[in-house]
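The values are calculated or read from the model by the stated rules, or taken from the named source; none is laboratory data. Bear in mind the structure is a predicted one, so any value in this text is a computation, not a measurement. Every residue, glycine among them, receives a Cβ derived from its backbone with ideal geometry; neighbour counts consider all protein chains shown.
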Amino acid sequence: MKHLLKMLDLSRNEILDILNLADQLKYEQKHGIPHSLLKGKTLGMIFQKASTRTRVSFEAGMYQLGGYALFLSSNDLQIGRGEPVEDTARVLSRYIDGIMIRTFEQDEVEALAEYGDIPIINGLTDFSHPCQVLADLMTVREYKNKLEGLKLCYIGDGNNMANSLIVGGLKVGMRVSVAVPGEYHPAKKVLDFANSFDCFELLADPMAAAKEADVVITDVWASMGKEGEQEKRRRDFSEYQVNKDIMEMAKPDAMVMHCLPAHRGEEITSEILESHASEIFDEAENRLHVQKAVMVKLMG
């Protein structure tokens, strides 16, 4: 593994290796065992999208690993003024040891990897959110003690989270059921991958998708960059809320997860979020541990 660009690039064994290391690093942190595995290393963090969890978890993670995280706003870089990404990649490769980028276009992340000589980590694009989904898988395994054979249900927009959950879930042996409105399907290349699995289903009915689910996951209806479609999406997704009725279809001990921030009363009710707050905020914490594992794998 040279980079973390999207879930489609990872093998099952690579995913499990990351999760196993994340478990180890989490244990060590909780027990005060130092792990300065990236001492002297520098991670450049390029942000073209706003962030809470991504910035804080990567920055804190690098500090805990003995390294240094350098915040690079697109407003402060020449890349924000038209410098080609391939030039930025080649320059930064001479200064730092790795790049995490949170941006819009997947092609931009792929170009950094193609032209740079250092590891590239996708902190989020419109196509993929691999760090979040690795944290999700880590959390499910913590609560359920396994991944293989569990049913993962995703309800909502066929966005970067849907794309990544489908691929990640199927690669680790989960059954994956996705409920999205017709015009909001996940990416074609993701569906082409998923349709080769008998344990995948794409549905219009969220109640049917949630039936006997072990974990139910949702995300905001209008991701960053889609705010102008907010009202239309509220109408189109009105039947795709994770609420009491949906959870009655799932298994009695089903988990609920959300990558946050959540719009309570839209994609998830406040009642359901609060009753599953333990797993949702463990999921948020696990961003830190899984990203530390990714950085150690790529930069150690």
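Values computed for the structure shown
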| read-out | value |
| --- | --- |
| Count - residues of segment 11-53 that are under 21 Å from residue 116 (Cβ atoms), of a type outside the set (Lys, Arg) and modelled with pLDDT under 95 | 3 |
| All positions within segment 154-174 that are hydrophobic (A, V, I, L, M, F, W, C) and either assigned to a loop (DSSP other than H, G, I, E, B) or free of Cβ contacts under 8 Å to residues at least 12 places away in the same chain (or both) | 172, 174 |
| Residue match in segment 262-282 (condition: in a strand (DSSP E or B) and either touching a residue at least 12 places away in the same chain (Cβ under 8 Å) or not assigned by TED's automatic domain parsing to the domain that holds residue 17 (or both)) | yes |
| Tally, over segment 139-153, of residues that are part of a loop (DSSP other than H, G, I, E, B), within 20 Å of residue 21 (Cβ to Cβ) and touching a helix residue (DSSP H, G or I) at 6+ places or on another chain (Cβ under 7 Å) | 1 |
| Count of segment 239-261 residues which are part of a loop (DSSP other than H, G, I, E, B) and of a type in the set (Asp, Glu) | 2 |
| Test set (1) closer than 26 Å to residue 164 by Cβ; (2) at pLDDT 95 or above - residue 89 fails condition number | (2) |
| Hits in segment 18-57 - residues which are assigned to a helix (DSSP H, G or I) and of a type in the set (Ser, Thr, Tyr) | 27, 54, 57 |
| Tally of residues being without any contact (Cβ under 8 Å) to a residue 60 or more places away in the chain and over 14 Å from residue 99 (Cα atoms) across segment 36-78 | 9 |
| Qualifying position, being surrounded by fewer than 24 Cβ atoms within 10 Å (Cβ to Cβ), closer than 25 Å to residue 283 by Cα and within 22 Å of the chain's Cα centre (by Cα), among 222, 210, 162, 250 | 222 |
| Any hit, segment 220-238, residues being in contact with a strand residue (DSSP E or B) (Cβ under 8 Å, 6 or more places away or on another chain) and either within 25 Å of residue 135 (Cβ to Cβ) or part of a helix (DSSP H, G or I) (or both) | no |
